[in-house]
Amino acid sequence: MGAQAVELEAPRAVRANWIISEKQDLTWFIGSSLAGYLALALMAAGFPLTPLFLVWLIGIDGPHVLATVTRTYFDKAERKRLGLLLLVIIPAAMLGPVAVMLGYESLFYLFAVSWLHFHIAKQHFGFVMLYKHKNGERDSFDYHLDRWFLLASLMLPYICFVVATADLLKTVKAAQVASDVLLAAYLALAVIFVARQVQKARQGLPVNLPKLLLFLAVVPLQWLAFGYAATFGFQGIVRAGVVAGLFHSFQYHRLMWFHNNNRYREPQGEDRFGLAATLARRCAYYALAAVALNLVLNVLPTVLFSTSPLKAAVWGLAFTHYMLDARIWRVRGDRELAAALHL
């Protein structure tokens, strides 16, 4: 009877509720990390960066930035709700050119890349929170531990990379010392995180399997990406961006389509939501819109305008994406969003 009891209780200690389904989540929200690992392996094996970068920019990462348009600027109801926030694209596009003209081009791009990687880290934590919600994980200690361990795991590799390679910091002794201190603190935090998972398993407390699989997918990828990128100096940031951005972008595209397909397919959806509902009729419409917007607003201006201020202006699209994302994915207080994500 004792052995039987253990067999019956063991499955209860593992919770595996998914955002869409087990197959879809493992493919897109967790398994798409394999695209990053594959890109890293190809580059390490000597495959040229340019074709990987172009596929990433034109077909995957760039379109994910513009995909935000499909549920903001193209959504009549959301335009009314967001109001003046949608005009943020104007100052966002001006920031780069002003910085370049004032002689702060290097600082601007360091700022832009830093915000990019913080945005990626926030998205991964957003998925962690969805899995915590789906699996009824409410413990306050686990919330703070998950939050700080994930953000540290995703931002510290970038910080160490910048300190080791950026001209502004690599000769500053204080920056090197601070990097070493942060690394030591992170190792202690990692030990605490692992110990907590072991403790929960031993005590028979519920273990959130999807959340842990996400940690297992992204944490090693981030350290490997920036460790490899550092061997190329600060220019290696492009390689790290491709590796990390592939995972991030596939996650985003799948979540966006899941949301759009659920929210905009209601009866009379086009009357209420406008073009957003039209694009939600088929996944191909959504994909073509994201790719076309990226080509017109991102790729072509970069190719046609060779001056630094105009190239810096294109970053305004990314900045707008970061700011709008911080608003439109807040589930608390937004019943329609919660319903669209099946929460």
Cα centroids of the stretch 197-224 and the stretch 254-286: how far apart, whole angstrom? 34 Å
Please build a GNM for the chain, connecting alpha carbons under 10 Å apart, and tell me which residue among Ala93, Ala188, Ala77 fluctuates the most. Ala188
Fully extended contour minus Cα-Cα distance, from Gln199 to Leu300, at 0.36 nm per residue: 31.0 nm
D (Stokes-Einstein, µm²/s), Kirkwood Cα radius, the stretch 12-58, 1.567 mPa s at 4 °C: 101 µm²/s
Of every Cα-Cα pair in the stretch 117-169, the percentage lying beyond 19 Å is 38 percent
5 Å is the cut-off here: which amide hydrogens, built 1.01 Å from N in the peptide plane, fall below it relative to Val207, excluding neighbours closer than 5 in sequence? Val14, Arg15
Cβ-Cβ cut-off under 15 Å around Met155, Lys and Arg +1, Asp and Glu -1: the net charge is +1
Quotient of C-alpha Rg and 2.2 N^0.38 Å, computed over the stretch 45-185: 1.33
Would you mind getting me the FRET efficiency between Ala112 and Ala13? Use the beta-carbon distance for r and R0 = 51 Å, nearest 0.05. 0.70
Enter the Cα centre distance for the pair the stretch 146-161 and the stretch 315-343, rounded to the nearest angstrom. 23 Å
Rounded to the nearest whole number, the per residue volume of the convex hull around the C-alpha atoms of the stretch 18-110 in Å³ is 163 Å³
Environment charge of Lys76, counting only residues whose C-beta is closer than 12 Å and scoring Lys/Arg +1, Asp/Glu -1: +1
Per GNM of the chain with C-alpha springs under 10 angstrom, the most fluctuating residue out of Pro301, Pro267, Pro97 is Pro267
In nm, to one decimal, how far is the modelled label at Lys80 from the one at Arg272, with both set 7 Å along Cα→Cβ? 1.1 nm
In straight Cα distance, which lysines are under 29 Å from Lys134, not counting same-chain residues fewer than 8 positions off? Lys23, Lys122, Lys200, Lys211
Multiply the residue gap between Ala190 and Phe141 by 0.36 nm, knock off their C-alpha separation, and tell me the result in nm, one decimal place. 16.2 nm
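Which value, to two decimals, describes the C-alpha radius of gyration of the stretch 266-343 once divided by 2.2 N^0.38 Å?
Relative to the rule-of-thumb radius for its length, the stretch 266-343 sits at 1.42.
None of the figures in this text is laboratory data; all of them are computed from the coordinates on show. Computed from a prediction, not measured in an experiment: that's the story for all the values here. Note: ideal-geometry Cβ built from the backbone for every residue, glycine included; neighbour counts use all protein chains shown.
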